[in-house]
Each structure stands twice: as structure tokens, then as C-alpha cells.
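Novice: Mind looking over this structure? Questions follow.
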Amino acid sequence: MASFYLFLLFFSFFHSISSQILILPLKLQSLPSGSLQNPPNELSFHHNVSLTVSITVGSPPQPVTVVLDTGSELSWLRCKKTPTSPLWYNPLRSTSYTPVPCSSPTCRTRTRDFTLPVSCDPKKLCHAIVSYADATSVEGNLAFETFRFTNSDLPKVVFGCMDSGSSSNPDEDSKTTGLLGMNRGSLSFVSQMGFPKFSYCISSRDSTGVLLFGDAKISWLQPLSYTPLVNMSTPLPYFDRVAYTVQLEGIKVAGTVLSLPKSVYVPDHTGAGQTMVDSGTQFTFLLGPVYTALKNEFLKQTKTILRVYEDPDYVFQGAMDLCYRIDKTRGGLPVLPSVTMMFRGAEMSISGERLLVQVPGLIKGNDQIHCFTFGNSDLLGIEAYVIGHHHQQNMWMEFDIANSRVGLAEVRCDLASQKLGIGF
């Protein structure tokens with residue numbers, strides 16, 4: 001069965017340009033058709049992701065490959081080798097591995113990742129279960145360990161040493177050792193590192209990019225437009241208070257703003273309806289009323305240049321039901337109307353090839369099938385707007401934790417890597 005389109009970003013090495021800045025190069029790679037078994041109809045949030053980083057952990061160092069996820073808090077590694085999980089970290093080989101006892105304050109840290117309270121195992125060690133929105137989970141003990149980026153050691157990082165769990169995509173998960181949580185929670189990796197901000201830039205041209213930890217002053221980068229993070233002081237059942245939540249205020253197709261009240265974009269009294277910038281999601285998903293309005297306007301503006309794929313039973317990745325037939329002999333897509341997401345203080349404009357994604361292996365006569373890269377959150381059972389990394393391509397994305405804001409600016413990310421002097 002043909003796989004859906006994924007990007008893998010491999011962070012192969014870094015160098016330090018000052019005591020406060022770490023820069024890592026990125027390389028994008030598309031998984032070949034057929035490389036995933038049984039591609040899921042439901043998009044897996046949080047841990048079924050497409051951004052990976054290669055680091056070393058433990059003493060002596062053990063190489064691990066972990067997914068980079070701005071939608072999760074706790075970092076974790078698989079600590080048990082299985083036939084479906086060949087990549088693993090062995091705590092018995094590390095002299096710096098230290099389990100967290102139940103009596104430790106760390107064991108009682110409140111985090112949204114722990115849907116079930118932490119408990120004591122028979123050895124009086126801190127036991128945790130981390131559950132995700134796709135109904136998968138991992139289970140194991142909390143521990144301290146040294147994480148390394150080349151010559152920089154980060155001792156006593158709290159992480160999960162997981163020895164069991166469930167997966168919605170075993171084939172993809174078999175290619176990684178675990179997860180690196182990057183949200184604003186106290187146990188996230190970026191919080192434990194203590195950097196006030198991090199940035200990344202994903203190229204759509206030559207499969208390169210860059211990830212940067214710290215506050216770099218880059219002379220050639222145009223001024224960023226900033227949108228404030230939405231902070232909620234009162235706990236609400238459906239609002240993730242440590243996510244990178246921004247306020248979406250409207251969407252326009254070319255110059256036409258969708259005729260919707262601004263209130264439709266605001267979280268309700270339960271917290272449902274927040275807008276999250278999430279590196280763990282590929283595409284962008286909108287709540288039903290907004291998605292329907294966008295779909296109808298895009299259809300209206302493209303009816304003379306695109307042919308709709310009229311199969312009522314076909315929904316790409318379980319949430320993307322607007323697809324088109326594109327003649328495979330055509331040399332590219334026609335000029336499409338841009339879609340611009342308007343945030344408080346900033347805009348993100350999506351144009352060209354980022355608006356449609358080809359479905360690998362699906363051919364109808366002489367036509368390839370391309371689907372609109374916005375989906376319906378309601379079909380996923382997710383009560384939120386989610387901005388995926390596909391629409392962050394060729395955008396400098398800055399997560400300014402210290403000042404509680406997200407900055408963005410359009411940039412050629414392939415050139416950004418060259419200007420930063422990073423080799424591949």
C-alpha cells in the first residue's frame with residue numbers, strides 16, 4: 001500500500017558559535033512509496049511525527065534517534081529491544097543513568113503528559129504512563145541521564161525510560177529510539193536546557209534546513225513578525241497550557257477573507273478551539289466550520305483551473321477530503337490562489353506547491369491525485385486548530401519562550417543554511 005508523504009529532518013551534527021547558541025543542520029528526506037505498512041486513516045498527533053534528531057545519551061555515549069516534537073513535554077527513550085523496536089537505549093550500559101525514586105519531588109511533577117498519576121513500581125521507582133491523542137501510549141520509569149550534542153554534555157536530564165507501549169504505526173516507530181519533548185512544560189527538553197528560545201527553518205527546495213537553540217543575531221534575516229502566545233491561567237479540560245498556542249483571527253484566499261465571525265477562532269469555555277503550532281503534525285487542520293468555509297472558497301476560486309477528484313469515499317489521511325485530478329504529463333501545477341492565515345500581529349501565507357500534496361501511488365487514468373493540504377479537525381476527533389510543519393516551510397520560525405511569543409518571516413531556508421556556514 002502506498003505510503004502517505006512524510007518528511008524526515010535529520011539533525012546530523014552541530015557547532016557552537018558562542019556559549020549561548022547551538023546550530024544544527026537539517027536534511028529533509030521523503031519516505032519512499034510503500035515504506036509504511038497500513039498508513040493510518042487518522043493522523044497521529046504528538047508521537048507519530050516526522051522530525052528527528054540524532055544525539056547521544058549516557059556514559060559511555062549511546063547513539064539515539066529521537067523525534068522532535070513541540071507538542072509534547074516529556075522526552076523518552078525505548079529501553080527494551082523488541083522485534084518491532086530494534087533501536088533502543090540500554091540503561092545497564094550507562095554509569096550516568098539514575099532512576100528517579102518515588103520519594104523524589106520530580107516524581108510528583110504535574111504534567112499534562114501524565115494522563116494517569118505517576119505511581120511506584122515494586123522497586124519504589126517512579127513509574128509513568130504517557131498517553132497520546134491517537135490512543136497510543138508508552139510506559140516505564142522516570143530517570144536522570146546525560147544527553148550529549150557532540151562535545152556539549154547536558155547532565156541530569158529527566159526523561160522516561162520506557163519498556164512497553166502501543167503504536168499506531170510500528171514501521172515508522174521502528175526507525176526511532178524515542179521522543180524529544182519541546183513544549184513549554186517544566187520537564188520538556190528545551191525547558192531543562194534553559195535556552196530562552198529556539199528556531200528552525202525547513203526548506204522546500206533542496207532538502208536542507210537549520211535548527212538553532214539560543215538567541216542569534218542574524219543580520220541577513222528580515223525582521224520577524226511576532227504573534228503573542230495565548231496564556232490561560234485557569235486550567236480547562238481541553239486547553240493545553242504548555243503548547244505553543246497562538247490566536248488565529250481569520251483566513252483569506254487570495255484577497256477574499258472568509259466570512260466568519262472572529263469568535264469562531266477563539267477557544268470556548270472548555271478550552272476547545274485553541275490554535276497550536278506543532279512540529280509533530282505534517283499538515284494543517286481546522287475545526288469543521290472554518291475548514292468548510294475555506295474548502296468552499298478554494299473550490300470557488302479554482303473551479304476553472306482544477307478538476308475535482310469526485311470519489312465520495314476517499315478521504316486522504318482521514319481528514320482531507322478535497323482532492324484534485326492533475327494530468328501527470330502536465331509540467332507542474334497551475335497558478336493557485338494563496339491561503340493566508342492571519343494571526344494577531346503576523347500572517348502566514350501558503351502558496352504554490354505547498355497547497356496541494358500528491359498522493360503517492362494513486363493514479364486514475366492519466367491523472368495523479370493531489371489533495372488540499374488543509375484538513376478537518378472534526379474528522380480526527382481533535383478539538384483544536386493545528387498548524388503543521390508542511391506550512392512552515394520556507395518560514396523562519398522562532399519560539400521565543402522568554403517573551404511568550406512566536407516569530408515568523410519568509411525566507412529561503414536552503415540559503416539560510418548556506419549563510420550560516422553549515423556543511424552537510
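The values are calculated or read from the model by the stated rules, or taken from the named source; none is laboratory data. Given the structure is predicted, the values throughout are model-derived calculations rather than measurements. Using ideal geometry, Cβ is built from the backbone for each residue, glycine included, and neighbour counts are taken over all protein chains shown. Each accessible area value is taken on the protein alone, full model and side chains, heavy atoms only, with ligands, DNA and RNA left out. Shrake-Rupley method; radii C 1.70, N 1.55, O 1.52, S 1.80 Å.
Yes or no, residue by residue, for (1) free of Cβ contacts under 8 Å to residues at least 24 places away in the same chain; (2) farther than 21 Å from Asp378 by Cβ; (3) open to solvent by 60 Å² or more (accessible area, probe 1.4 Å):
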residue: Leu299; (1), (2), (3): yes, no, no
residue: Lys303; (1), (2), (3): yes, yes, yes
residue: Leu306; (1), (2), (3): no, yes, no
residue: Val315; (1), (2), (3): no, no, no
residue: Tyr324; (1), (2), (3): no, yes, no
residue: Asp327; (1), (2), (3): no, yes, yes
residue: Gly331; (1), (2), (3): yes, yes, yes
residue: Phe343; (1), (2), (3): no, yes, no
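Novice: Right, another one. Would you call Asp378 farther than 13 Å from Val277 by Cα, open to solvent by 30 Å² or more (accessible area, probe 1.4 Å) and modelled with pLDDT of 90 or more?
Specialist: yes
Novice: Say we look at region 48-67 and pick out the residues that are modelled with pLDDT of 90 or more and outside any strand (DSSP E or B); which of these is surrounded by the most Cβ atoms within 10 Å (Cβ to Cβ)?
Specialist: Taking the candidates together, the pick is Gly58.
Novice: Which residue is modelled with the lowest pLDDT, if the candidates are limited to region 132-174 and must be within 17 Å of the chain's Cα centre (by Cα) and closer than 14 Å to Pro86 by Cα?
Specialist: Restricting to residues being within 17 Å of the chain's Cα centre (by Cα) and closer than 14 Å to Pro86 by Cα, the top hit is Glu172.
Novice: Only residues that are farther than 17 Å from Leu286 by Cα and in a strand (DSSP E or B): list them for region 320-342, please.
Specialist: Tyr324, Arg325, Ile326, Asp327
Novice: Would you check which residues across region 80-104 are surrounded by fewer than 23 Cβ atoms within 10 Å (Cβ to Cβ), over 30 Å from Met397 (Cβ atoms), touching a residue at least 40 places away in the same chain (Cβ under 8 Å) and under 29 Å from the mean Cα position of the chain (by Cα) and list them?
Specialist: Scanning region 80-104 gives Lys80, Thr84, Ser85, Pro86, Trp88, Pro91, Tyr97, Pro99.
Novice: Does Phe213 satisfy the condition of being under 19 Å from the mean Cα position of the chain (by Cα), under 16 Å from Val406 (Cα atoms) and surrounded by 20 or more Cβ atoms within 10 Å (Cβ to Cβ)?
Specialist: In short, yes.
Novice: Go through region 381-413 and count every residue that is open to solvent by less than 40 Å² (accessible area, probe 1.4 Å), more than 27 Å from Pro334 (Cβ to Cβ) and assigned to a loop (DSSP other than H, G, I, E, B).
Specialist: Adding up the residues that qualify gives 2.
Novice: Mind counting the residues in region 236-245 that are out of contact with any Asp or Glu (no Cβ under 8 Å at 6 or more places or on another chain) and surrounded by 10 or more Cβ atoms within 10 Å (Cβ to Cβ)?
Specialist: Selection size over region 236-245: 5.
Novice: What are the residue pairs meeting all of these: first residue in region 210-229, first residue of a type in the set (Val, Ile, Thr) and part of a strand (DSSP E or B), second residue open to solvent by 30 Å² or more (accessible area, probe 1.4 Å) and at pLDDT 80 or above, Cβ atoms under 6 Å, and 6 or more apart or on different chains?
Specialist: Thr227/Arg344; Thr227/Gly345
Novice: While we're here: If you go through region 212-232, how many residues are within 28 Å of Glu249 (Cα to Cα) and modelled with pLDDT under 85?
Specialist: 0
Novice: Next up: Can you name every residue in region 175-186 that is open to solvent by 10 Å² or more (accessible area, probe 1.4 Å) and modelled with pLDDT of 80 or more?
Specialist: Those that are open to solvent by 10 Å² or more (accessible area, probe 1.4 Å) and modelled with pLDDT of 80 or more: Thr176, Arg184, Ser186.
Novice: Being open to solvent by 10 Å² or more (accessible area, probe 1.4 Å) and under 22 Å from Ala346 (Cβ atoms) is the filter here, so list the residues in region 283-297 that pass it.
Specialist: Residues satisfying the conditions are Leu287, Ala293, Glu297.
Novice: Scan region 310-324 for residues that are out of contact with any His (no Cβ under 8 Å at 6 or more places or on another chain) and under 20 Å from Gly352 (Cβ atoms) and jot them down.
Specialist: Result: Phe316, Met320, Leu322.
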